[in-house]
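First the structure, in the form of structure tokens, and then the observations on it.
Derivation of every value follows stated rules applied to the coordinates shown; laboratory data play no part. This is a predicted model, so every value here is computed, not measured. No Cβ is skipped: glycine too gets one built from the backbone with ideal geometry, and neighbour counts run over all protein chains shown.
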């Protein structure tokens, strides 16, 4: 674990749950350049340290915590520790990736597969939200951002868990939006249809720019990138 304790005076923290070297790192750079101290949560300390080192090289304050995001106690503790280091969370990006072994045709998908996928995409999301929303309500501002793959809007019979879990996450995000918009808290989802990565249909930096736009423009609860 490594961190920088500069709390920053003007911007609340930007925290990524499920941070990886693609979109998570790109979003951290985008929000960090605007003065948000960045918190990163994922399973792998090595990956987090690499991302954080890159951010610090650009002059961005960064802190990391490792946690299995499906472990409610561990995720809550990680978010609490980042709050102590960076200050209240102003923007939460919930963006964990599902395990590839869960992705099977619908009739080959076991109840345990669905349980695991919902635990990651919905239950963990609610744990993260409950950890950060009280500060957002007290401050009268905040943004909750969620990313999903294209199965949220184009479910496919051969990728059952993604279609089911992402649809549930989409419903959860919309209900958060409808509940919190009047309190200055914007909840929004970006659904990326097709491959995401350097040189792919969707470049991480471009999607990160859309996340930034959703945070600043605060207009729509759902953006589908095709």
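Specify the residue with the greatest mean-square fluctuation among 144, 100, 176, computed from a Gaussian network of the chain linking alpha-carbon atoms under 10 Å apart.
Looking only at 144, 100, 176, the biggest GNM fluctuation is shown by 100.
May I ask you to work out the translational diffusion coefficient for the range 37-160 at 37 °C, viscosity 0.692 mPa s, via Stokes-Einstein with Rh from the Kirkwood sum over Cα pairs, reported in whole µm²/s?
For these conditions, the coefficient is 206 µm²/s.
Alpha carbons only, please: Rg and Dmax for the range 117-226, in angstrom.
14.2, 44
Could you let me know the centre-to-centre spacing of the range 149-180 and the range 95-129, using Cα atoms, in angstrom?
If we compute the Cα centre of each part, the gap is 11 Å.
Just subtract the alpha-carbon distance of residue 174 and residue 101 from 0.36 nm times their residue separation and send over the number in nm, one decimal.
Length difference between fully extended and current span is 23.5 nm.
For the chain, take the longest principal axis of its alpha carbons; what is the angle in degrees between that and the long axis of helix 23-33, to the nearest 10 within 0 to 90?
With both axes taken from Cα atoms, the answer is about 20 degrees.
When the convex hull of the Cα atoms of the range 13-225 is projected onto a plane and the area is averaged over all directions, what value comes out in nm²?
Dividing the Cα hull surface by four gives the mean projection, 10.9 nm².
Given the options 214, 107, 75, state which has the largest fluctuation in a GNM of the chain using a 10 Å cut-off (strictly under) for Cα springs.
Result for the chain, Cα springs under 10 Å: 107 fluctuates most.
Give me 166, 172 sorted ascending by neighbouring Cβ count inside 10 Å, so fewest comes first.
In increasing order of surrounding Cβ atoms, one gets 172, 166.
So what's the angle, to the nearest 10 degrees on a 0 to 90 scale, between helix 45-57 and the longest Cα principal axis of the chain?
50
Given the options 47, 170, 119, state which has the largest fluctuation in a GNM of the chain using a 10 Å cut-off (strictly under) for Cα springs.
Top of the fluctuation ranking is 47.
Testing the spin-label approximation: label points 7 Å from Cα along Cα→Cβ at residue 205 and residue 126. State their distance in nm.
3.9
To the nearest 0.05, what FRET efficiency results for residue 213 and residue 139 with a Förster distance of 22 Å applied to their C-beta separation?
The calculated FRET efficiency here is 0.55.
Can you tell me the 0 to 90 degree angle between the C-alpha axis of helix 204-217 and the longest principal axis of the chain, rounded to 10?
70
Counting only DSSP beta bridges with both residues in the chain, tell me the antiparallel percent, nearest 5.
5
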